[in-house]
Amino acid sequence: MHIRIRAVILLLLGTALWTSPASAQTWFEWPDTIVDLSRYTTIDQCHAAVGRVRVAVGVQDLRATGIWRDTIPYDPAEDSVRLPDEVSETARRCLERFATVDSVPLDYFKVLVPLYVIAGWDEKAQALVRRRIATIEPDDEDALVSVLDSVSRIYRGNPVDNSGVLRVRPQRPELALEIFQEYLPRISDRVNRFMVYRDMWWMIDPDAGIVDSATAQEATEGFFAFVDSLTAEDRQRLHEKISSSLDSESLERQIRALLRMRRGHEEFLDSLRHSTESYVRARRQVWSDLFGQPPETFGFGMPIGTRAPAIEADLWFGCDGPCDPRPRPGKVSIVLFVDHGDCIGVIKNDSNFHDSCVRNLATLRHLEERFPTLETTIVTRTRGYFQFLKDSITPEREAELIRRWIEHFRLRAAIAVTFPGHWRLPAPDRRRIDQESPNRINYSFGNTWGADSGIIFLIDQDGLIIYSHQLHRYRAVDYAKMIEVLLEREAATS
Amino acid sequence: MSTGEQTRVAEQVHGDDNAPAPNPSWSGAQVENRILSSEECQAILERAKSFAKLGGDTAVLINSWWQGELRWARNRISLSSDRRDVGVMVIRTVPGGIQGRVSTNQLDDASLESAVRAAERQSSRGWNPSRGVGYFPPIPHYGRFENAAIWSDATYGLDTESRAEIARSMIEPAEAAGFYSAGYLEVRAGATAYLGTAFKELQSGEHAFWENPYVRWTQAHCSTTVRDARGTGSGWAGLSNYDWTRIDGDALARRAVEKCRASRNPVALEPGRYTVILEPQAVADLMEIFVATFAFREIPEEGIASPWLLAFDDAIELWRSKLGLKVVDERITFTHDPADPELGIVMRPLEWPGPVTWIERGVLTKLGHRFETDVKQLEGNHALRGATGYRMSGGKTSIDEMIRTTRRGLLVTRFSNVRSLDSASLLSTGLTRDGLWLIENGEITKAVKNFRFTESPLAVLNQIEQLGEPVPVFRPTRHETGGLTPAIVPPLKARDFSFTSLIDAV
């Protein structure tokens, strides 16, 4: 027993430097984030230990700050934040017995490289990559490209395991570029070189602040110079190899369109400042360049530039006076579709609360707070139940429950509730078939663009749809920029 | 279990200070400590609550069971045992935390407190941010649903000496005939308690999850196999019931001896399709796979292979099941009632009260479903477990009459090792065992070597010629580990049953 106590004390002392101190309000005892590393003796166990500490530290952060981070505005710098010291320290300590790169099993290449980076052992990670590449036959270019692709994924922070434990943060494109530049000369096949160039190009996103703009510029120019040099035969082989929508005849144009989509937000905003018409034209041009056809050819319902239909409702909530018409003429507005059947679902016990709506509503609230004159409307419908309540529920009662639930998020949005009705399959099947709500019908475009729960429509003061997508916090910055431009235009015309 | 062990368990249940006097015998009225009473379970909950430190909710799921068992082989008793165990799952939800669940079978203060601490750690490691986010209406209160009467003092009180007497009585006829008897007799009792929850309103009610905070039950199973000395003949008989007094051990022994005698020196027949007369036990063995398909309507309605999957309905963009369609012979009805004492279904704290008709006059009328499915798509507010026991409808034809009206066919005692080969057609395979006879021109003419069959119960139910009176059969369910589905089934005669190979087993 004394030995156990002494071991625990030593462990506590040993980890004291990297356990985060309790702060803010303590609701209950802190969970144990200390891992007894003496029990973790294999690479798989180290993988698990790092995972456990990563989760536990995340929970501690949540408790200490009281902030559920996916409900606060997205900051691109989040992707550059270093992993907590506890995680790195756990990786370092656990991997001590696997620190000799020359002797670790290469089967664990995809696990050890990210763990080495998490541990802060960049040189070991690079050495292991080189050791792995050294095992590839000199004439086996496909195998080399495959390994480089894995290296790109690992250093870009894309998880190579299902749990995301091995996600490298911050991204380390400079390590990948070092490897790429070293081994690119070994690749003679031009299609294979394209694959490597493409990986390099995707890695360097100056918007994320991960590489400097000079490096990004150099890589982009190198990529395009290479694309320019591709022969017709190269392009045909490339088309066959990647089997994508890129057609072999207009590869360069399409890649440039992709670049515009990726980096062209400012360009779109400039158009939007000028007029909705020029903005819509620019958007459609990128689409046509990308796919070689206007969106209508594919039956793809691109709603941008389309007039927003009037929202219908059997009941309105949240307005001082009459709510309709919505969207109101002359007002910049957001319409958000919310279906409690999807985002709350059925609650079946006391630990079964769902939350998929919460981050959407939190993002909407941030936009409302930032733009007080922005008109917001939440469009919802009845489903015949709410959470677990069903007995004798009426559409009016369900609408009231939805209102109370949304009200909890302190939104000023008007709430439009429709009672679309339903029918049932004959007995004994008796399944309920909900009729489509008129708003979902009106806001569905083409064959593919449906107003599902979580979709927003940004609408200008003339009632034209400017943008439509999931109301995701990662896109909130883009929404905000567009709203800002539209509100400036609204102010100028009023 | 020794007297010392009994005392230790009693101390654990009641806590260290309230240990009752040790119970030296399991007989008569002095068997109360075999399982935990409702009050004892409540006491465990209170103790668990007293150990909780971090606030929030505390619940316990308690399973206690006892089993008295006697086994014999080659006409000699080989095992006699009394076993019991108790398992407690401590469920803690600290404020803001997820649900932590930790199990123990040690009920002393130190162990229980340790389990509570571990559950709290588990709970506090997680985070349930949605708990309390948004407005949640109060949960409605429902009335109480009463448990089935499946408790028998006779079963609970069957002591070691009585079990030995029964075994002796069952061995004697085999020994007198020069045969070898093997078998077992098992009496069981158990209690399940699910106490303490954040949603107290869900503890009871017609539509609720938690209808029986405390349930107790008994089960009795008796099975015997009789072989001749040369190993060419084998006879079997068995029966299950919650009430031991409804099982006649002597009758089972006589039946097994008769079958053994009649099954000696079997002849080999060519595999092929035969008209079969399935005794009730064989019907239950074959239908086990069939009734399991009643469990989830979500399976066909999600387009997953199932005998009840019809097709995708393009008009409504849904997978359609065969609900409402005729799927088997119109003389066939499958029902179950959780409160049916003849079936002796062990209730769970979460139970749909029933009764349920799965197939009515050949038409598929009901399938089990999850709670979410009912709330979202159906008309209730409850989950429906599949067939936890079942009654299959029958007819008036006796087995003798079935034999008399058969020109050429086989009489099957039972099947073993039945397993499914295809989840859509329910094509299954298994072996005939312990008595297979050839019928020719209305008479049993000879014993036949056993076959492997490859057949679908669904096909059998569509090829029925005659049905007999439904009777209870041997279905050794075990509450802790599941097991076979309690059943009341008829004998039946069906045509074109497919036997695919000979086997050597008797």
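The values are calculated or read from the model by the stated rules, or taken from the named source; none is laboratory data. Predicted model only: the values in this text are computed from it and were never measured. Note: ideal-geometry Cβ built from the backbone for every residue, glycine included; neighbour counts use all protein chains shown.
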(Q) Step by step: first the residues of region A:362-403, then only those that are at the interface with chain B (Cβ under 10 Å from one of its Cβ atoms) and part of a strand (DSSP E or B), then the one that is farthest from residue A:417 (Cα to Cα). Which residue is that? (A) A:389
Q: Filter region B:44-65 down to residues that are under 14 Å from residue B:108 (Cα atoms) and within 30 Å of the chain's Cα centre (by Cα) and give me whichever is surrounded by the fewest Cβ atoms within 10 Å (Cβ to Cβ).
A: B:45
Q) Taking into account only those residues within region B:212-237 that are among the hydroxyl-bearing types (Ser, Thr, Tyr) and assigned to a strand (DSSP E or B), which is farthest from residue B:505 (Cα to Cα)? A) B:214
Q: Report yes if some residue within region B:389-411 is within 24 Å of the chain's Cα centre (by Cα), surrounded by fewer than 21 Cβ atoms within 10 Å (Cβ to Cβ) and either in a strand (DSSP E or B) or within 14 Å of chain A (Cβ to nearest Cβ) (or both); otherwise report no.
A: no
(Q) Quick test of your reading of the structure: residue B:273 fulfils all but one of (1) of a type in the set (D, E, K, R); (2) under 15 Å from the mean Cα position of the chain (by Cα); (3) assigned to a strand (DSSP E or B). Name the failing condition by number. (A) (2)
Q: Hey, can you tell me all the residues within region B:435-486 that are in a loop (DSSP other than H, G, I, E, B) and under 16 Å from residue B:278 (Cβ atoms)?
A: B:450, B:456, B:461, B:462, B:463, B:468, B:469, B:470, B:473, B:474, B:475
Q.
residue A:397 - would you say it is within 31 Å of the chain's Cα centre (by Cα), under 29 Å from residue B:370 (Cβ atoms), in the same structural domain as residue A:460 (by TED's automatic domain parsing) and charged (D, E, K, R)?
A. no
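Can you confirm whether residue A:336 is in a helix (DSSP H, G or I), modelled with pLDDT of 90 or more, more than 9 Å from chain B (Cβ to nearest Cβ) and under 19 Å from residue A:73 (Cβ atoms)?
Values: in a helix (DSSP H, G or I): no; modelled with pLDDT of 90 or more: yes; more than 9 Å from chain B (Cβ to nearest Cβ): yes; under 19 Å from residue A:73 (Cβ atoms): yes.
Considered against the rule, which asks whether it is in a helix (DSSP H, G or I), modelled with pLDDT of 90 or more, more than 9 Å from chain B (Cβ to nearest Cβ) and under 19 Å from residue A:73 (Cβ atoms), residue A:336 comes out as no.
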Q: Please list, ordered by first then second residue, the pairs with beta carbon atoms under 7 Å, 6 or more apart or interchain, first in region B:245-261 and closer than 15 Å to residue B:175 by Cβ, second charged (D, E, K, R) and crowded, with 17+ Cβ neighbours inside 10 Å.
A: B:260/B:227; B:260/B:228
(Q) Looking only at region A:179-205, count every residue that is free of Cβ contacts under 8 Å to residues at least 12 places away in the same chain and β-branched (Val, Ile, Thr) and tell me the total. (A) 0
Q: Within region B:284-309, work out how many residues are surrounded by fewer than 17 Cβ atoms within 10 Å (Cβ to Cβ) and either within 11 Å of chain A (Cβ to nearest Cβ) or assigned to a helix (DSSP H, G or I) (or both).
A: 1
Q: For region B:184-239, name all the residues that are at pLDDT 60 or above and of a type in the set (Lys, Arg).
A: B:188, B:216, B:227, B:230
Q | Identity of the residue in region A:137-160, in contact (Cβ under 8 Å) with a residue 24 or more places away in the chain and part of a loop (DSSP other than H, G, I, E, B), that ends up surrounded by the most Cβ atoms within 10 Å (Cβ to Cβ) | A | A:157
(Q) Checking residue A:341 against (1) within 8 Å of another protein chain (Cβ to nearest Cβ); (2) in a loop (DSSP other than H, G, I, E, B); (3) under 29 Å from the mean Cα position of the chain (by Cα), only one condition comes out false. Which one? (A) (2)
Q: Just give me the residues in region A:186-223 being modelled with pLDDT of 75 or more, buried (at least 16 other Cβ atoms within 10 Å of the Cβ) and not assigned by TED's automatic domain parsing to the domain that holds residue A:141, in sequence order.
A: A:223
Q | Extreme residue, farthest from residue B:496 (Cα to Cα), among residues of region B:399-450 that are hydroxyl-bearing (Ser, Thr, Tyr) and touching a Phe, Trp or Tyr at 6+ places or on another chain (Cβ under 7 Å) | A | B:413
(Q) Would you confirm, using the coordinates I've provided, whether residue A:457 is touching a residue at least 40 places away in the same chain (Cβ under 8 Å), aromatic (Phe, Trp, Tyr) and assigned to a loop (DSSP other than H, G, I, E, B)? (A) no
Q.
Give me the helices (runs of 4 or more DSSP H) completely within region A:38-134, filtered to those with at least 2 residues that are without any contact (Cβ under 8 Å) to a residue 12 or more places away in the chain and either out of contact with any Asp or Glu (no Cβ under 8 Å at 6 or more places or on another chain) or within 14 Å of another protein chain (Cβ to nearest Cβ) (or both), ordered by residue number.
A. A:43-65, A:122-134
